[in-house]
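The values are calculated or read from the model by the stated rules, or taken from the named source; none is laboratory data. Keep in mind that this is a model prediction, so the values were computed, not measured. Neighbour counts run over all protein chains shown; Cβ positions are idealised from the backbone, glycine included. With ligands, DNA and RNA removed, areas are computed over all heavy atoms of the protein, side chains included. Shrake-Rupley method; radii C 1.70, N 1.55, O 1.52, S 1.80 Å.
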Amino acid sequence: MTSAAAAAARTILTRLHEVMASRSHAQAKLNTVVEVIGEGLDSEVCSIYLLREGMLELFATRGLAQEAVHVTRMSVGEGLVGTIAANIETLNLAEATAHPDFSYRPETGEEKFHSFAGVPIVRRERAVGVLCVQHVDSRRYEEVEIEALQTVAMVLSELISNAGLVDDEDYGVSSGQTGPELLRGLTLVKGLAGGMAVYHQPRVTIEHVVAEDTEAERQRVYHAFDKMREQIDRMAAQAEFGVGGEHEEVLETYKMFAYDEGWARRINDAIDSGLTAEAAIERVQQHTRMRMRQIDDPLLADRMHDLEDLSNRLLRIVSGQLGTAASKGLRNDTILIARNLGPAELLEYDRRRLKGVILEEGSLTAHVVIVARAMGVPVLGRIRGLRGIVREGDRLLLDSDAGIVTVRPSQVLVEAFEARFAKSRERQAAYAALRDVEPVTRDGTRITVMINAGLRDDMPNLNLTGADGIGLFRTEFQFLVSATLPQRERQTRLYRDVLDAAGDRPVVFRTVDIGGDKVLPYLRHNDGEGEENPAMGWRALRVALEREGLLKAQARALLEAAGGRMLNVMFPMVSEPWEFDAARDVFESQLAFLKRRKKPLPKAIRYGAMLEVPALAEQLDILAPKLSFLSIGTNDLTQFLFAADRSNPKLAARYDWLSPSILRFIRRTLATIAPYDVEVSVCGEMGGRQLEALALIGVGIRRFSITPAAVGPIKELVRKVDIARISAAMNGWLDSPPPNFRAALEDWACAHGITCD
Ligand code: PEP
Ligand code: MG
């Protein structure tokens, strides 16, 4: 904003401030407003159109015929005024009649005016009206005038909303994109859901637009800038921004924008014009948005989102509205929108209202996705430009089965979706009917199907699915949902409740697997440094062995909770046998302690390990005699085998679970462990997919621990399988792999009546 524009706007704003503060009726205020603006901009005509019942209605004018007030109405998209509202754009025309959208309204008497400039009046990102000026002379308005007009429009939006001149429902009528839009993404968790779009980081609502004390507003912005830059610098130093994804690129752009003097100066100028800090930030952002909209370059559009992010961050700091949508609570069925999320952030949401999640990034085995799967919440990921298209409050239909989301659907689309939803519910009901059906193969082998869990709330899934037990209880989830380290007593209570709920079905408790993408703010590495490669870093058993107090407390909690019952303990990320020994020793010394204290002890303790670090496979014969069970964690195993970060969306398509490398690895593991009395299961996400489970059965897996929603589909699969046949096929393919393993298995499964997708 130039200083001339600031001065012009400032004069008008001061007068408008007085008008707004006056006790007169809303209509009288608007009448004064058009006079003030007309005079201030030396304009022959100044008119305000507001949205009422979906139509743009002339509410006040100086210069046009007064009889037209509340008579002239046009729909959004109709005429110049309608076009401005529909596209949320400014028009500046030397000759209004030459514009293709011009529509002549004789009742206004506007024929003698040639030049025309109009700006949208925006509230919550939607046009709720239009402010325009007209002149007899044919001339284009100067940039200074347009900017002053835009600033005034912001103030008007506050006046209009305070006066209740626009119905709240009307906010939904007009937007930049009014029609339905179909977006495609990567299915991360299957499922269908409908709901309102809610941003994880909500946009800030601006309460006051006109400043009482300009100097104070300037100081607030300076402070906010300092704080924001500090945050960005800290992020860069700790490299903890987001989870996976394009950290560096994003951070670099962030830093560039955060320190951009031009941006700060424009905000400062907007404050000079009389706006509050919040309004000035928003005003500059609106301006940038409008300019960028005219540039058709996808790369720039991406950068634009970064700037939006940053601008929003600045707004949040300055307004003190810091919480996420979770802290405000969800009011409707919700589809949550975010660039990326951590698992703990997702768990903060009300499960009854959270129906789906849409991410700009995201990958199949990121923990947030695993948590969502466990919650039964569909997730669609990797939709670029999402935040430019979907607005807070938009209706969304998420069909993650098909990998699409419909934004602002028409009635026809809603009906089609409902029909698909009903079908999918039927399918779910069919799976639910398998609850009491035993997963036995056609040739009579009983396959064990257990579920993965992590919270008390997950326990009802045992009965709902009819699963054989809990093959993986991720104890770190309790840590993730707590603001502080859960005390031993709290841990004991949870484990006892879980065992109570499971009854005589086994539960395998995995000791904490913190680190990687499961970050705990209250637990950091000793040296305080961030990690370059957290998935391969200080996590899981490595943390537990170093912070022995942590493991000791957990061991005590588990041993006490399992008093008089069987306790199954599993250690994550074991890389070498000594780590298993060290962890077991912690349990054994706690057991001895409880024995001395004559406390009730578990009936028996079974120790197991996860096989997720490939190195362990090379010493499995050494570890096996000490193990009661081994669980193959294919999520981590595949990321390490393929050296492909499971959280990095760019790598999501780089490997396939149905690859000879993974399946040969598992076949060899089973051969190594066969001579020992060790139960082997698969507990990674791979086991919950029909085709993948078929392959696993083919290489010899007989025990699965999977996400609850997959129990039905896997039981259905098991009952169609003939083990001898699939084993023969798999062995043949693994000895001499076909060019496309997945395609070969797909064809085979279809030909054998197992599954045809
Ligand atoms: C795995 O790595 O496969 C696994 C089950 O553990 P998590 O997903 O919790 O790392
Ligand atoms: Mg793992």
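Tabulated data for the structure shown
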quantity	calculated
Selection from segment 739-757 of residues that are assigned to a loop (DSSP other than H, G, I, E, B) and open to solvent by 30 Å² or more (accessible area, probe 1.4 Å)	739, 740, 752, 753, 756, 757
Lone qualifier among 24, 3 - being hydroxyl-bearing (Ser, Thr, Tyr), exposed (fewer than 14 other Cβ atoms within 10 Å of the Cβ), modelled with pLDDT under 85 and within 19 Å of residue 161 (Cα to Cα)	24
Check on residue 567, in contact with a Pro (Cβ under 8 Å, 6 or more places away or on another chain) and either within 16 Å of ligand 1 (Cβ to nearest atom) or open to solvent by less than 20 Å² (accessible area, probe 1.4 Å) (or both)	yes
Test for residue 482: is it outside the structural domain of residue 634 (by TED's automatic domain parsing) and of a type in the set (Ser, Thr, Tyr)	no
Complete set of residues in segment 601-634 that are open to solvent by 10 Å² or more (accessible area, probe 1.4 Å) and either within 14 Å of ligand 2 (Cβ to nearest atom) or at pLDDT below 95 (or both)	613, 614
Top-ranked residue in segment 36-68 [being open to solvent by 50 Å² or more (accessible area, probe 1.4 Å) and touching a residue at least 60 places away in the same chain (Cβ under 8 Å); ranked as nearest to residue 25 (Cα to Cα)]	52
Number of positions in segment 682-708 that are open to solvent by 10 Å² or more (accessible area, probe 1.4 Å) and within 16 Å of ligand 1 (Cβ to nearest atom)	6
Any hit, segment 659-670, residues being surrounded by 21 or more Cβ atoms within 10 Å (Cβ to Cβ) and farther than 22 Å from residue 625 by Cβ	yes
Filtered residues of segment 644-658 (kept if more than 16 Å from ligand 2 (Cβ to nearest atom), among the small types (Gly, Ala, Ser) and surrounded by fewer than 21 Cβ atoms within 10 Å (Cβ to Cβ))	653
Boolean, residue 720 is more than 16 Å from ligand 2 (Cβ to nearest atom) and open to solvent by less than 60 Å² (accessible area, probe 1.4 Å)	no
Flag for residue 405 being of a type in the set (A, V, I, L, M) and within 30 Å of residue 204 (Cα to Cα)	yes
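So that you can scan it fast, the table gives a plain yes or no per residue for (1) open to solvent by less than 10 Å² (accessible area, probe 1.4 Å); (2) within 16 Å of ligand 2 (Cβ to nearest atom); (3) within 30 Å of residue 638 (Cα to Cα):
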site: 341; (1), (2), (3): yes, no, yes
site: 345; (1), (2), (3): no, no, yes
site: 361; (1), (2), (3): no, no, yes
site: 373; (1), (2), (3): no, yes, yes
site: 376; (1), (2), (3): no, no, yes
